[in-house]
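Data first, discussion second: the structure below is written as structure tokens.
The values are calculated or read from the model by the stated rules, or taken from the named source; none is laboratory data. Predicted model, so just to flag it, every value in this text is computed and none were measured. When we count neighbours, we look across all protein chains shown, and the Cβ atoms used for this are built from the backbone with ideal geometry, even at glycine.
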Amino acid sequence: MAALSEPEIAAELAAFEITLPPPALSQLSCYLDLLLRWNQRINLTGIRDPKTIVRRLFGESLCIARAVELRGWLVDVGSGAGFPGLALKLAAPDLRVTLIEARQKKCAFLKQVVLECGFTGVDVVAERFEGWARERPAKANLITTRAVAMDSRLLQAMESVLAPDGKLVVATTTELARGLEGSLVGWTWAPASVPGQGDTVILVGAKL
């Protein structure tokens, strides 16, 4: 399936009130092209339509840039095809990003995107987050995750890596968001709006 032109990508992002500068738009185009090609060989996403990918994956990820300050060090847990962590580099090129993904094939894809699309300051780690977190004394300013099952064990691991004033951003569904807000105590959760008709909800968590 053919990728989209940069003007077509920009038009899809406009629905989210997102405007990227030309260099970032060029990176997104490269990223999308690789995603479509690799998705024919390994299951990176169940979404196949390029316009839907731009809206549901890139657009919804970039909405996070309006909800939190993108600064310092971002750790993305269960990165998969790079959402939302790598997509946020498009909005904040100086952001340091670490992508944690346990599956080797998806890590190979992420490394290829970083190389071919010219991303800098990005590390790809082929490891489970809980194991990686035990060896990390440094503190992240931001932890992001999308479509990852949250429980108290994972949250404790995230807390061990997060700076005292850091933020945890969870992209999930409306139903799971209700359960998350009610079950994970010791945190405050603020919802962030996501334009469009999708079922994605962004929750921004801060430790009490």
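Tabulated results
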{"read-out": "The listed residue being outside any strand (DSSP E or B), modelled with pLDDT under 85, among the small types (Gly, Ala, Ser) and in contact with an Asp or Glu (Cβ under 8 Å, 6 or more places away or on another chain), out of Gly198, Gly179", "value": "Gly198"}
{"read-out": "Verdict on Arg146 being under 25 Å from Gln27 (Cβ atoms), among the basic types (Lys, Arg) and buried (at least 20 other Cβ atoms within 10 Å of the Cβ)", "value": "yes"}
{"read-out": "Residue satisfying all of: in segment 19-51; touching an Asp or Glu at 6+ places or on another chain (Cβ under 9 Å) and farther than 16 Å from Leu86 by Cβ; surrounded by the most Cβ atoms within 10 Å (Cβ to Cβ) among these", "value": "Pro50"}
{"read-out": "Among residues of segment 1-14, those that are part of a loop (DSSP other than H, G, I, E, B) and under 14 Å from Leu57 (Cβ atoms), counted", "value": "2"}
{"read-out": "Arg96 of a type outside the set (S, T, N, Q) and over 22 Å from Met150 (Cβ atoms)", "value": "yes"}
{"read-out": "Meets criteria (closer than 15 Å to Val194 by Cα and surrounded by fewer than 20 Cβ atoms within 10 Å (Cβ to Cβ)) for Ala14", "value": "yes"}
{"read-out": "Residue that is surrounded by the most Cβ atoms within 10 Å (Cβ to Cβ) [pool: residues in segment 52-71 that are of a type in the set (A, V, I, L, M) and under 16 Å from Ile143 (Cα atoms)]", "value": "Ile64"}
{"read-out": "Options Val54, Val68, Val77, Val97: the member that is touching a helix residue (DSSP H, G or I) at 6+ places or on another chain (Cβ under 7 Å) and either of a type outside the set (A, V, I, L, M) or in contact (Cβ under 8 Å) with a residue 60 or more places away in the chain (or both)", "value": "Val77"}
{"read-out": "Total residues in segment 64-76, condition more than 15 Å from Leu86 (Cβ to Cβ) and of a type outside the set (A, V, I, L, M)", "value": "4"}
{"read-out": "The listed residue being modelled with pLDDT of 90 or more, of a type outside the set (Lys, Arg) and either out of contact with any Phe, Trp or Tyr (no Cβ under 7 Å at 6 or more places or on another chain) or assigned to a loop (DSSP other than H, G, I, E, B) (or both), out of Val185, Val169", "value": "Val169"}
{"read-out": "Odd one out for Leu74, checked against (1) buried (at least 23 other Cβ atoms within 10 Å of the Cβ); (2) touching a strand residue (DSSP E or B) at 6+ places or on another chain (Cβ under 9 Å); (3) over 21 Å from Val201 (Cα atoms)", "value": "(3)"}
